[in-house]
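Reviewing the structure listed below.
Read-outs: derived from the displayed coordinates by stated rules, not from any lab. From a predicted model like this one, the values you see are computed outputs, not experimental measurements. Here the Cβ positions follow ideal geometry from the backbone for every residue, glycine too, while neighbour counts run over all protein chains shown.
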């Protein structure tokens, strides 16, 4: 018997997390339903004038994507903490940096990726110009990955608390702000015909930075939470 | 590593929790072939001790713990996912200690009496069977040092006898076990007791 290599182990964790998610489809469906419901609220609150909705659409879509990401990030480590799997993960001889990256990747695949893929539908509901839809999807793909990584830090720090849901919002919403600013700016730029590339490049830079640093913070947060 | 080197060495370990001193000046070495049973009343600090030994607790105690061998820790929580089948639980286990073939996993599950339950969702199993899925990891393990926190919880009499036999086999083959239990081990092997009442090795 040999221990798996770090990357093989990462893939194993990814498979485990995805399998768990598929066995509970409601966890995958919830953020999408949340997205649909909140999008439907805006025409009721702002009035159904198509021009007005279209001008708010980039910000609206991005804020909802951010909130639905926030809602799910609390659960990334929760069940593993409750049933003792997290202890076993921390005792594992495998590098924790890569292990938590696998957890976050699984979280992004079942929330951010799906949100980005269905976002054109919601964009049409808000009358976003079709020229901006490509930028919306691209900015959401990059941006939600950053959000998942940042959310993981909050999740790791609050996993030991019985009701960490509110605290996690306070902890990580400030960190979400730059992503929101550049994400919605990318979509607005596409609406006005300005170049989108710089905004996407900035989001990509944030993603690179988050991939490099967030797993370390998550790993440290998990060790603190398990120790407490 | 020379054969005489300990798998685990503890030097003057002291722990306080909530204003109470649970143990003080605890020093012992775990060598290959040792079977340790940690004794103590509820709240005496048995679980805390094991969490310090395995490295989950890193702060709040004084003293030195040196680990010289890969270890397997089974805690209070089984870490068995109800949504996964016993086979998946073992094949995709987060501990990352080994890759096991399907045959090895089937054999291990058969050893703990779960033959025929390999592919049912674990949440349909009873509490004892749930624990047994976790205990199957012992049959798959090649870690020399086992730290077991109440491994007999919810296990029936025959299961306990089989587990005791496994523990003896493990220590006879050069492994070592540190376990907590309120039960007296029914084994024909020298059991070393670590009593947390006096804080000394008896």
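Our compactness index for the protein assembly as shown, the C-alpha radius of gyration over the empirical 2.2 N^0.38 Å, is 1.16. Inter-chain neighbour count for B:60-73: the average number of beta-carbon atoms from partner chains within 10 Å of each residue's beta-carbon is 1. Our compactness index for region A:6-227, the C-alpha radius of gyration over the empirical 2.2 N^0.38 Å, is 1.04.
Which angle from 0 to 90°, rounded to the nearest 10, does the C-alpha axis of helix A:165-192 make with the longest principal axis of chain A? The angle comes out near 40 degrees. For chain B, the mean residue ellipticity at 222 nm estimated from helices alone is -8000 deg cm²/dmol, where every DSSP H run of n ≥ 4 contributes -39500 (n - 2.57) and the total is divided by all residues, rounded to the nearest 500. With a Förster radius of 35 Å applied to the C-beta separation of residue B:24 and residue B:126, the computed FRET efficiency comes to 0.30.
Apply the a/c threshold of 1.5 to the C-alpha gyration tensor of region B:29-70 and tell me whether it is rounded, prolate or oblate. Since a/c reaches 1.5 but b/c is at least a/b, the shape of region B:29-70 is classed as oblate. Take the alpha carbon gyration tensor of region B:97-193, find the square roots of its eigenvalues, order them as a ≥ b ≥ c, and report rounded if a/c is under 1.5; if not, report prolate when a/b exceeds b/c, else oblate. Oblate is the answer for region B:97-193, as a/c is 1.5 or above yet b/c matches or exceeds a/b. Going from the residue with the fewest nearby Cβ atoms within 10 Å to the one with the most, B:34, B:68 rank B:68, B:34. Between the Cα long axis of helix A:6-23 and the first principal axis of chain A there is an angle of about 60°, rounded to the nearest 10.
Between residue A:24 and residue B:4, what's the calculated FRET efficiency when r is the beta-carbon distance and R0 is 35 Å? Round to 0.05. Plugging the Cβ-Cβ distance into 1/(1 + (r/R0)^6) gives 0.10. Spin-label model, residue A:49/residue A:220: points 7 Å from Cα along the beta carbon direction are separated by 5.0 nm. From its DSSP helices (H runs of at least four residues, each -39,500 (n - 2.57)), chain A gives a residue-normalised ellipticity at 222 nm of -28500 deg cm²/dmol. Is the C-alpha gyration tensor of chain B telling us rounded, prolate or oblate? Criteria: a/c under 1.5 is rounded; beyond that, a/b larger than b/c is prolate, otherwise oblate. Judged from the Cα gyration tensor, chain B comes out prolate (a/c at least 1.5, a/b above b/c).
Cβ-Cβ distance of residue A:131 and residue A:82, R₀ of 56 Å, FRET efficiency by 1/(1 + (r/R0)^6): the value works out to about 0.75.
Each label point was placed 7 Å from the Cα along the Cα-to-Cβ direction; for residue B:14 and residue A:121 their separation is 6.4 nm. Of all beta bridges that DSSP places with both ends in the protein assembly as shown, some 45 percent have antiparallel geometry.
How far is helix B:157-172 tilted off the main Cα axis of chain B, in degrees rounded to 10, range 0 to 90? Approximately 60 degrees, to the nearest 10.
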